[in-house]
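Just below is one structure, and these are the notes that go with it.
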Amino acid sequence: MIEISGVSRRYGEVHAVSGVDLRVHAGEVFGLIGHNGAGKSTLFKMMLGLVAASTGEIRIAGESVTGKRFREVRRGIGYLPENVVFHDNLTGLETLAFFARLKGVPRTQCAPLLERVGLAEAGGRRVRGYSKGMRQRLGFAQALLGEPRLLFLDEPTTGLDPEGIREFYEILRALRAGGTTIVLTSHILSEIQERVGRLAIMKSGRVQACGTVQALREAAHLPLRFELELAEGDEH
Ligand code: ATP
């Protein structure tokens, strides 16, 4: 579904992403894990045409997205950015209806989606009064509009309480069962290790290792200390 070949992105002297090669298979739940600043969001944005790659090529469903813009790439793709910005004066339902109009998706999808992410009752209230977790749920609903075949979720559980996190992964499981390909980022290994098929560990813009959690554990080249590093990262 996704083929990333030799992709790099520099911001001046900062090598945000360096020579990344990755494959994400159709129907897979794929995790990108790494500390703050590892390059996860930049890689996401390049896959979506929000940021241009300095070098390399990205193909989605066989089509090159290199040099394309978000509006050309986004059909069939749902995206939950790391920081979603909403108009505080709109209600949850109005917000979703606004995104539905932008995406050319029928408004009738909005209410069922709000219910799916646990915002059925809050849908009539202004977003101004939403907690961080509720905003995250609304962002997730926005990403699910149009029943995308591919979902990019950037740190999707930020702000969710344990129950919210459990519900979120339940929805992911149902989506995966329906054949949706899901790529999500996190810096919490313990949270995603049981929930992704494979994961790539990013550090300083590079992919250090990629595979199933079991394979990464068993691989002699994956230092145990990496887990410790990630565990330390969890505390930030
Ligand atoms: P986080 O977990 O904090 O979101 P990340 O792994 O998603 O981190 P990126 O946001 O991709 O990492 O950032 C990778 C590097 O690129 C960082 O050093 C960051 O400061 C830098 N960077 C990202 N976006 C820009 C930008 N627009 N201008 C300059 N530097 C940037």
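Coordinate-derived values only; no laboratory data. What you see is a predicted model, and the numbers here were worked out from it, not measured in a lab. A quick note on method: Cβ atoms are made from the backbone with ideal geometry, for glycine too, and the neighbour counts reach across all protein chains shown.
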Fill in the blank from the handout: For segment 9-65 (alpha-carbon point model, no solvent) the Debye-based log₁₀ I(q)/I(0) at q = 0.13, 0.18, 0.23 Å⁻¹ works out to -0.34, -0.65, -1.04
Practice task
Output ³J(HN,Hα) for segment 33-50: one whole-Hz value per residue in order, computed from phi by the Karplus curve 6.51 cos²θ - 1.76 cosθ + 1.60 with θ = phi - 60°, and x for Gly and Pro.
Solution key: 10, x, 5, 4, x, 6, x, 5, 5, 5, 4, 4, 5, 5, 5, 9, x, 8
Handout entry: segment 1-72: GluC sites (Glu not before Pro) falling in loop per DSSP and having at most 15 other Cβ within 10 Å
Key = Glu13
Handout entry: Gain in span if fully extended, His87 to Ala61, counting 0.36 nm per residue against the direct Cα distance
Key = 6.0 nm
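Could you give the length gained by full extension between Glu115 and Glu191, i.e. 0.36 nm per residue of separation minus their alpha carbon distance, to one decimal place? Write down the numbers at each step before the final one.
Details: separation 76, 0.36 × 76 = 27.36 nm, distance 2.43 nm.
Residue separation times 0.36 nm, minus the Cα-Cα distance, leaves 24.9 nm.
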Exercise for the section: Please give the helix 224-234 orientation as an angle from the longest Cα principal axis of the chain, in degrees from 0 to 90, rounded to the nearest 10. Expected result: 30
Exercise for the section: Pick out, from Tyr130, Leu144, His187, the residue whose Cα sits farthest towards the positive end of the charge dipole of segment 81-203, with +1 on the Cβ of Lys and Arg and -1 on the Cβ of Asp and Glu. Expected result: Leu144
Exercise for the section: Tally the DSSP beta bridges in the chain and give the antiparallel ones as a percent, rounded to 5. Expected result: 55
Exercise for the section: Could you run the Karplus curve 6.51 cos²θ - 1.76 cosθ + 1.60 with θ = phi - 60° over segment 176-187 and give me ³J(HN,Hα) per residue in whole Hz, x for Gly and Pro? Expected result: 4, 4, x, x, 6, 8, 10, 10, 9, 10, 6, 10
Exercise for the section: Working from the alpha-carbon coordinates of the chain, get Rg over Rh, Rh being the Kirkwood radius. Expected result: 0.96
Handout entry: Label point distance in nm, Glu3-Thr212, each placed 7 Å from Cα along Cα→Cβ
Key = 2.5
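Name the GluC sites (Glu not before Pro) in segment 124-209 that are in a loop by DSSP and that have at most 11 other C-beta atoms within 10 Å, would you?
Within segment 124-209, the qualifying GluC sites (Glu not before Pro) (loop, at most 11 other Cβ atoms within 10 Å) are Glu194.
Arrange the peptides 131-144, 88-101 so that the one whose residues have, on average, the most other Cβ atoms within 10 Å appears first.
Details: 131-144: 21.8, 88-101: 18.2.
Ranking, from highest mean packing down: 131-144, 88-101.
What's the magnitude of the charge dipole for segment 1-151 around its Cα centre, counting Lys and Arg as +1 and Asp and Glu as -1 at the beta-carbon? Answer in Debye, nearest 20. Please report the intermediate quantities before stating the final value.
Values: 22 positive and 13 negative charges, 84 e Å.
For this selection, approximately 400 debye.
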Completion exercise
Expressed as a whole-number percentage, the relative contact order of the chain with C-alpha contacts under 8 angstrom and at least six residues apart is 27
Fill in the blank from the handout: Row for segment 93-201, column shape: gyration tensor on C-alpha, a ≥ b ≥ c, rounded if a/c < 1.5 i.e. under 1.5, prolate if a/b over b/c, else oblate; value oblate
Exercise for the section: Work from the charge dipole of the chain (Cβ charges, +1 for Lys and Arg, -1 for Asp and Glu, about the Cα centre) and give the residue of His87, Pro156, Gly205 farthest towards its positive end. Expected result: His87
Exercise for the section: Mind listing the long-range amide H neighbours of Leu153? Cut-off is under 5 Å, sequence gap 5 or more, other chains count too, H placed in the peptide plane at 1.01 Å from N. Expected result: Leu80, Val183, Leu184, Thr185
Completion exercise
Quick calc, segment 116-202, dipole around Cα centre from Cβ unit charges on Lys, Arg (+) and Asp, Glu (-), nearest 20 debye, gives 260
